[in-house]
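Heads up, the thing below is written out as structure tokens.
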Amino acid sequence: MASVSQTGKLQRQDTGIVTNTTKKPLLNIFTQRCDCKYTPCYCEENVWKLCSDVNTRHPSELQHCHIVFVSNDCRTVPLWRQKAGKEEEKLVIWDYHVLFLYNPDDRCLVYDLDSELPFPTYFHKYVTETFRTDQILKPDYFRYFRVVPAPVFLQCFASDRRHMKRADGSWIKPPPDYPAISTPASSHNLDEFINMDPTKGLGQVMNLTQLVKTFYQQP
């Protein structure tokens, strides 16, 4: 599994071969999808609300959660099985997307409120059906991932929703019905999370292969 160091960086741990196939059931950190706070086109705030919910109801589990921003320099990332997608395969090209991961042991669950997959979905199934592989894509469409420990994201993320406003100040999509998220240090730093420059920002930037190696352990 991936653990969080004191600097907020991910560290790999070699857990060896799991010989005991009897595992305790995973904690159901969210009751069901419909109980989660959700606003279309505000995935970063939806995930922040998931973090806040875990911190309130299961605070000891927040250390086992990670937030994953998906984007690239061109802001063109194809994802399949998305509710907003077209045709049978539900393909959509986002400028960015945000996921919530829960990995208390060698298992990892993905919570994506915009996906048509089950809520949650095991990591390997989610990646296989949502990201597939970069080998079928042109480089401009390669997906990169900024992985941020949930406690860090909850404490540091801020958005004044400026990216969802037109030049005349009108909304591109209606905003959430709660105040904008801010911190004592910032009113807006969303772009720092979307930026996939590995030398800047919080957390760790990975390509698809690195993401899978970090969060998926074969039985």
### Task
Using DSSP to define loop residues, name the trypsin sites (Lys or Arg not before Pro) in segment 48-146 whose beta-carbon has at most 14 other beta-carbon atoms within 10 Å.
75, 83
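Where does the longest stretch of the chain lie that holds no GluC sites (Glu not before Pro) found in a DSSP loop with 12 or fewer other Cβ atoms within 10 Å?
90-219
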### Message
Once you place label points 7 Å from the Cα toward the Cβ at residue 87 and residue 23, how far apart are they in nm?
### Response
3.6 nm
### Task
Compute, for residue 160, the solvent-accessible surface of its heavy atoms (probe 1.4 Å) with the complete set of protein chains present, and express it in square angstrom to the nearest 10.
50 Å²
### Query
Along its principal axes, what span do the Cα atoms of segment 127-205 show, with the longest given first and each in whole Å?
41, 30, 23
### Query
Given charges of +1 on the Cβ of Lys and Arg and -1 on the Cβ of Asp and Glu, with all other atoms neutral, how large is the dipole of the chain about its Cα centre, in debye to the nearest 20?
160 debye
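Which whole-number percentage describes the relative contact order of segment 72-219, with Cα contacts under 8 Å and a sequence gap of 6 or more?
Answer for segment 72-219 is 24 percent.
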### Query
Which one of 211, 159, 194 is farthest out on the positive end of the charge dipole of the chain, using unit charges on Cβ (Lys, Arg +1; Asp, Glu -1) and the Cα centre as origin?
211
### Query
Taking the simple approach of a point 7 Å from Cα along Cα-to-Cβ for both residue 135 and residue 162, what is their distance in nm?
4.3 nm
### Task
Please tell me the relative contact order of segment 43-91 in percent, rounded to the nearest whole number, where contacts are Cα pairs under 8 Å and at least six residues apart.
18 percent
### Query
Which of the pairs 23/125; 23/90; 24/86; 90/213; 49/200; 37/165 have their Cα atoms more than 29 Å apart in this structure?
23/90; 24/86
### Whole-number D in µm²/s for the chain (Stokes-Einstein; Kirkwood sum over Cα pairs; 4 °C, 1.567 mPa s)
72 µm²/s
### Task
Determine, from the Cβ-Cβ distance of residue 170 and residue 60 and an R0 of 41 Å, the FRET efficiency 1/(1 + (r/R0)^6), rounded to the nearest 0.05.
0.45
### Message
Quick check on segment 71-191: what are the equivalent-ellipsoid semi-axes from the Cα gyration tensor, as sqrt(5λ), descending, whole Å?
### Response
26, 20, 15
### Task
Please find, in a Gaussian network model of the chain (springs between Cα atoms separated by less than 10 Å), the residue of 130, 183, 76 whose mean-square fluctuation is greatest.
183
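The values are calculated or read from the model by the stated rules, or taken from the named source; none is laboratory data. For clarity, every value in this text was computed on a predicted model and none was experimentally measured. Quick reminder, even Gly has a Cβ in these numbers, built from the backbone with ideal geometry, and neighbours come from all protein chains shown. Each accessible area value is taken on the protein alone, full model and side chains, heavy atoms only, with ligands, DNA and RNA left out. Shrake-Rupley method; radii C 1.70, N 1.55, O 1.52, S 1.80 Å.
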